[in-house]
Amino acid sequence: MKLSRNTFFYFAGAVFFFALVKAMQFSGMLTPYWQLVLDQALIIVIGALGLSIIYGFTGQFSLGHAAFYGLGAYTAGALDKVYGNGNMLFFFLSLLTGAAVAGLVALLIGLPILRLRSDYLGIATLGFGIIVRVGMENGNKLFPVLGGATGMSGTPQVAHFDLIFILTLIVILLVRNFIFSTYGRACTSIREDEIAADVMGIDTTRYKVMAFVLGCALAGLAGGIYAHRYPFLHPASFDFLKSFDFLLIVVLGGLGSMTGTIVTAVGWVFLLEVLRVVLGQNFIDWRGVIYALILVVSIIVRPQGLFSGKELRLLIPDHLKMLTGKEHTHAGSGN
Amino acid sequence: MEHFLEQVLNGLQLGLMYALIALGYTMVYGVVQLINFAHGDVFMVGAFLGYFGFAVWGLPLPVAILTAMVACALLGVIIERVAYRPLRYAPKIAALISAIGVSLFLEYFSSLKFVFGPNYRVVPRPFPEVHWNIAGLSVSNIQVIVFVVVLFMLILLQILIYRTKTGMAMRTVAVDHNAARLMGVNVDTTISITFAIGSAFAALGGVLYAIAYPQIHPFMGIMPGLKAFTAAVLGGIGIIPGAVLGALIMGQVETLTSAYISSQMRDAIAFAILILVLLFRPTGLLGRTETEKV
């Protein structure tokens, strides 16, 4: 197999980053705390890329992304808690099942509600997220292993940086290949103008559902990894405020840009932790205030997002280089 | 049967309070097509100011309510001026993110110790609660006050929107900003007025809420805000009677579910109904089906 030039640079960059993190681990610069933050950032990257497909590229406004993240977390976590024992095979099987369950639920809910448009779709998905949260809080009545409103613990903590990093690399490649395939083009055309896309012969419902299912499955995958890295799952970690987190990562990164989503996801997770360290014990109450101000100021300064419609070269397949000019994926008007 | 009717009355009280909040959502959505996520937090600020007014500063209740309403109207105008106006002609999602930011700001800023503080506060009743027995039904004076006040405000709003120049300007801006400007309407002022009225209504809702369910904290606005917004969507967002209808339905659904099914299922059933209604009427109960222009 001939590795194309950009894919080569992509892997070279990944190896370099991996080596850097390893060096920091061995030199002791990367404390377990910051390692946890880094892992969290990668998990959020995977989940946010899912929403990037749904909203950034296909233009379907979802305010319920965290519900699918939670579905994946609870499914994978509970399966591995009951059947696992730290066995790697079960770990991967539980991750896949978590993603599959999130994807399946997305298919069932997506088929009817993706007919709704913009804000109405947003509020319907938000409502769905709240229903899922009520389900999580009461899930222990059917399956005591889920823990209900008091949260669930006991999932084998087998996910570590190496594994999460490799999974993130695979997901980025997967999303890249999807976005730059005919499927991805169809999705982008729906974002730009659904009626025009329909007229051009694109089965809009099919592609909207496809993007929704794929994006939600990625959220489920991210959730599954989260369950194996953080020993305690609680319904409050997956409510609509978490959905807002995913949304603002995708929007601040710039709609229609994987690069933007990845950079913002990492930056956002680190920002929250850096604020915690910088403010110290005396000013920790100000963390939320400063965070909110940063959010408002950055969206006013750059309403189109950090990387709106632009990608790093190494995230674009070689044969599509001619598309990297100006006419390529300009950000949508956001529903 | 009496139990059922009492639950309906409780639902009516809750629904009327949701209506006060939902009106702000729907009016703002009407003029700027923005889901103002900070609206629930303006409601929270209103509840706190009302509490400080009558319980801490010792103002008479009507004065405390008016103070809260005026202060929140001002807050609403400032929020619009600072956080939404610069984004008015940017992609809609930018203003929505800004609204989420403002909402978080209000919540966390209110939690600071020198503002409202992070703790729950118990609100003392400004007047003793009295229960009357009317035809076998127990009716409290709080329910009567909520009913009368909200009804009065709804009539006032109806007159404002359909019988005054300002109301006409608001209706014009809701249709088209540019056309309104060509007709000599000051769009910026009209939008500010809309935010002011909506926020004042939310503040009134907040004070009434604090009197009826006497416990307040800086994050109390999230759920009622969300429910009221859902009510506005249920009725057809941007349509004022729709907001009231949606709010009354939400109030009944919530109260009856708590009473007869399970209080934990309350939110799930309310939102399931929303999704079902949207599936059959994608623009809400009273919403107009818009013809898609190519």
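The values are calculated or read from the model by the stated rules, or taken from the named source; none is laboratory data. Because the structure is predicted, anything quoted here is derived from the model rather than measured. Because the Cβ atoms are built from the backbone with ideal geometry, glycine has one as well, and the counts that use them run over all protein chains shown.
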Inset, instruction - Would you mind telling me which numbered condition in (1) without any contact (Cβ under 8 Å) to a residue 40 or more places away in the chain; (2) under 19 Å from residue A:109 (Cβ atoms); (3) among the polar types (S, T, N, Q) residue A:281 fails? - result: (2)
Legend entry - Selection count where residues are within 12 Å of chain B (Cβ to nearest Cβ), touching a residue at least 24 places away in the same chain (Cβ under 8 Å) and in a loop (DSSP other than H, G, I, E, B), scope segment A:72-121: 3
Inset, instruction - Filter segment A:26-60 down to residues that are surrounded by fewer than 24 Cβ atoms within 10 Å (Cβ to Cβ) and farther than 19 Å from residue A:157 by Cα, then give me how many there are. - result: 5
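Listed here are the residues, each with its yes/no results for (1) under 21 Å from residue B:20 (Cβ atoms); (2) among the basic types (Lys, Arg); (3) surrounded by fewer than 13 Cβ atoms within 10 Å (Cβ to Cβ); (4) modelled with pLDDT of 90 or more.
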position: B:136; (1), (2), (3), (4): no, no, yes, no
position: B:153; (1), (2), (3), (4): yes, no, no, yes
position: B:159; (1), (2), (3), (4): yes, no, yes, yes
position: B:165; (1), (2), (3), (4): no, yes, yes, yes
position: B:179; (1), (2), (3), (4): no, no, yes, yes
position: B:183; (1), (2), (3), (4): no, no, yes, yes
position: B:191; (1), (2), (3), (4): yes, no, no, yes
position: B:210; (1), (2), (3), (4): yes, no, no, yes
Legend entry - Conditions (1) in contact with a helix residue (DSSP H, G or I) (Cβ under 6 Å, 6 or more places away or on another chain); (2) of a type outside the set (Asp, Glu); (3) closer than 30 Å to residue A:123 by Cβ; (4) more than 14 Å from chain B (Cβ to nearest Cβ); number of the one not met by residue A:229: (3)
Inset, instruction - Only residues that are at the interface with chain B (Cβ under 7 Å from one of its Cβ atoms) and surrounded by fewer than 20 Cβ atoms within 10 Å (Cβ to Cβ): list them for segment A:292-303, please. - result: A:293
Legend entry - Single condition residue A:256 does not satisfy, out of (1) assigned to a helix (DSSP H, G or I); (2) in contact (Cβ under 8 Å) with a residue 12 or more places away in the chain: (1)
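Every residue, every condition in (1) of a type in the set (Asp, Glu); (2) outside any loop (DSSP other than H, G, I, E, B); (3) in contact with a Leu (Cβ under 9 Å, 6 or more places away or on another chain), yes or no:
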| site | (1), (2), (3) |
| --- | --- |
| A:213 | no, yes, yes |
| A:222 | no, yes, yes |
| A:226 | no, yes, yes |
| A:229 | no, no, yes |
| A:236 | no, yes, no |
| A:263 | no, yes, yes |
Legend entry - Condition broken by residue A:198, with the remaining ones in (1) part of a helix (DSSP H, G or I); (2) farther than 26 Å from residue A:108 by Cβ; (3) in contact with a helix residue (DSSP H, G or I) (Cβ under 7 Å, 6 or more places away or on another chain) satisfied: (2)
Legend entry - Yes/no for residue A:224 being within 22 Å of residue A:177 (Cα to Cα) and touching a Gly at 6+ places or on another chain (Cβ under 7 Å): no
Inset, instruction - Tell me, yes or no, whether segment A:178-189 has at least one residue that is within 16 Å of the chain's Cα centre (by Cα), more than 20 Å from residue A:101 (Cβ to Cβ), among the hydrophobic types (A, V, I, L, M, F, W, C) and modelled with pLDDT under 95. - result: yes
Legend entry - Selected residue (criterion: farthest from the chain's Cα centre (by Cα)) from residues of segment B:124-169 that are within 19 Å of residue B:243 (Cβ to Cβ) and among the aromatic types (Phe, Trp, Tyr): B:162
Inset, instruction - Report yes if some residue within segment A:178-187 is surrounded by 15 or more Cβ atoms within 10 Å (Cβ to Cβ), within 12 Å of chain B (Cβ to nearest Cβ) and without any contact (Cβ under 8 Å) to a residue 60 or more places away in the chain; otherwise report no. - result: no
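From the list B:194, B:164, exactly one residue is in contact (Cβ under 8 Å) with a residue 24 or more places away in the chain and hydroxyl-bearing (Ser, Thr, Tyr). Which is it?
The unique qualifying residue is B:194.
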Legend entry - Filter result for residue B:107 (touching an Asp or Glu at 6+ places or on another chain (Cβ under 7 Å) and in contact (Cβ under 8 Å) with a residue 12 or more places away in the chain): yes
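For every residue, the table says whether it meets (1) small (Gly, Ala, Ser); (2) within 14 Å of another protein chain (Cβ to nearest Cβ).
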residue	(1), (2)
B:59	no, no
B:86	no, yes
B:103	yes, yes
B:110	yes, yes
B:121	no, no
B:126	no, no
B:137	no, no
Inset, instruction - Please go through segment A:248-291 and pick out each residue that is under 23 Å from residue B:87 (Cβ atoms), β-branched (Val, Ile, Thr) and surrounded by fewer than 18 Cβ atoms within 10 Å (Cβ to Cβ). - result: A:290
